[in-house]
Amino acid sequence: MTQNIVFSEKALELRAKAREIADKYVRPAAAKHDKAQEYNHEAAKAVAEAGLFRTFVPEEYGGYGAGVLALSCVAEELAKADSGFGVAFAVNALGSFPIILGGTEEQKKEWLPKIAAGEKFVAFCLSEKFAGSDASGLSVSATLEGDEYVIRGEKKWTTNGGVADYYSVFCVTDSTSKSRRISAIMVEKGTPGFTVKKVEDKMGIRCVPVVETHFDGVRVPKSNLIGGRAGVGFKHAMMTLDYARPGVAAQAVGASQGALDLANVYANRRKQFGVPISNHQMVQYMLANMAMKTEASRQLVYAAAAAIDEVGPSPANSKRAAMAKCFATDVAMEVATDAVQVFGGYGFMEDYPIAKFFRDAKILSIYEGTNQIQRMVIARHLIREAGELEHLQEFIPTEVQESYEPDSVPQA
Ligand code: CAA
């Protein structure tokens, strides 16, 4: 099914504000923050003041309720200037979606207005040393003792860790259950026993901290159990990722566009063989491919985001989100690679931002589900959909039909 992409007035207004902030506070400071591995507090303050954190929060809780399409527009603009800052912004939506999608009314009222106002930043703690792609294999535990959950264990690759005030932490609350093992619990910065340990030294997105978060007997009130019901955390994590993946894909579109723009300007000024290199067909071929792929990604991302805004969580939207994430982030790596190639020797030097685009692009195909996992998600949906294509059966060779054993088909 194709999707109508309709931008609300609010989405366009938020995109314009994001572009302004990107030009004023993000792009000019990107190299400095990358080198120092420092968070861009000034840009984050400008984002908060411009109301951009309100983008993804429903209106009832102090947001604009502008949806995933508007979130994608904002993430794209910020990432065009600095991919690291793009994720520093978007990860707040990732950390908030478990509350938005699964929180109780009291929890939404308590936490979301502060997130919308940019007073509180958020992180999403799912991955662990031994549970990355296999997210349900996590082991951080939360045990109910009286009116409190006691959390023990370590999370890995917590983006925004240290900067964030709220942490959506996925924990095992029932180790005996297969389907209701996991719950999401909110932990606030400063809670005794909760510490940020190893701050990772990264290849790219260096302006946003990625850390280990340690939970040494952290006690939180039972009321911090997101949704107020134990055992639904894995589903909430999956739904959250479906909502957040278009945002990652949008970061990738921004990163692709940012690298393409630089390569385009460079190609028009750099002369070789007596003419700007943009006169050479091989360079034109590269620029054209970069532009086509970037635009194709953009349309896929907007369509996925618009579908989520229109229909909400659904298997079709899970597939769309995975397709957008996978395609756009693969494209970002390809475009960044070509952009370095257009820049030639200069592209390899850290003196110019193009090398940073290349380093930053790599993580896009890894975080929020590797692109191998995205393809697995897409394939599972496709296989399920094959069951709805019974009318095509007559076009399948008879002997193939006769040897068909439904039980041998991978379970979707
Ligand atoms: N929506 C709702 N429910 C879903 C769902 C979805 N999209 N996908 C699965 N579920 C449900 C299933 O229906 C099933 O429910 P029942 O038990 O009731 O049948 C249950 O969840 C288990 O589903 P699966 O059997 O499909 O689970 P699985 O173990 O085979 O794994 C997976 C599924 C897709 C591989 C999943 O583990 C996954 O997405 N892994 C990648 C993890 C990931 O993306 N991590 C990113 C970390 S965050 C990050 O990177 C942030 C950052 O730094 C910026």
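The values are calculated or read from the model by the stated rules, or taken from the named source; none is laboratory data. Model, not experiment: these values are computed from the prediction. Note that each Cβ is placed from the backbone with ideal geometry, even for glycine, and that neighbours are counted across all protein chains shown. Calculation scope for accessible area: heavy atoms of the full protein, side chains included, ligands and nucleic acids excluded. Shrake-Rupley method; radii C 1.70, N 1.55, O 1.52, S 1.80 Å.
Structure above, values below:
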item: Over the chain, relative contact order from alpha-carbon pairs under 8 Å, at least 6 apart, %; result: 16
item: Sulfur and carbon atoms: percent of accessible area, the stretch 95-145 [1.4 Å]; result: 49
item: At most 14 other Cβ within 10 Å, DSSP loop - chymotrypsin sites (Phe, Trp or Tyr not before Pro), the stretch 82-173; result: PHE130
item: Loop-located GluC sites (Glu not before Pro) in the stretch 25-128, at most 14 other Cβ atoms within 10 Å (DSSP); result: GLU38, GLU119
item: Residues of the chain: accessible area per residue with a 1.4 Å probe, Å²; result: 46
item: About the Cα centre, charge dipole magnitude for the chain (Lys/Arg +1, Asp/Glu -1 at Cβ), debye; result: 1060
item: Lys, Arg +1 and Asp, Glu -1 on Cβ, resulting dipole of the stretch 75-121 about Cα centre, debye, nearest 20; result: 60
item: Cβ-based net charge around ALA18, under 14 Å, with every Lys or Arg adding one and every Asp or Glu removing one; result: +1
item: Value of relative contact order over the stretch 124-231, rounded to a whole percent, pairs C-alpha under 8 Å and six or more apart; result: 31
item: Relative contact order computed over the stretch 9-121 (Cα-Cα under 8 Å; 6+ residues apart), in percent; result: 32
item: Span-rule helices in the chain, defined as complete DSSP H runs reaching 24 Å or more along the axis (Cα) with Kyte mean at least -0.5; result: 83-102, 233-269, 281-311, 315-343
item: Gaussian network model of the chain, springs between alpha carbon atoms under 10 Å - residue of MET292, MET238, MET323 with greatest fluctuation; result: MET292
item: Sparsely packed GluC sites (Glu not before Pro) within the stretch 303-401, loop by DSSP, other Cβ within 10 Å at most 12; result: GLU350, GLU388
item: Positive dipole terminus of the stretch 9-121, leading residue within LEU71, ALA36, GLY103 (C-beta point charges); result: ALA36
item: Residue of VAL122, VAL169, VAL311 that the Gaussian network model of the chain assigns the largest fluctuation, springs spanning Cα pairs under 10 Å; result: VAL311
item: Segment MET376-ASP23, length gained on full extension (0.36 nm per residue, minus Cα span); result: 123.3 nm
item: Rough spin-label spacing in nm, given labels placed 7 Å along Cα→Cβ, for ASP134 and GLN393; result: 3.7
item: Solvent-accessible area, 1.4 Å probe, carbon plus sulfur percent, for the stretch 199-271; result: 53
item: For the stretch 267-412, size of Cβ-based charge dipole, Lys and Arg +1, Asp and Glu -1, in debye; result: 1100
item: Efficiency of FRET between LEU144 and LYS109 - r from beta-carbon atoms, R0 30 angstrom, step 0.05; result: 0.80
item: Within the chain, helix-based [θ] at 222 nm, where runs of 4 or more DSSP H residues each add -39,500 (n - 2.57), nearest 500; result: -17000 deg cm²/dmol
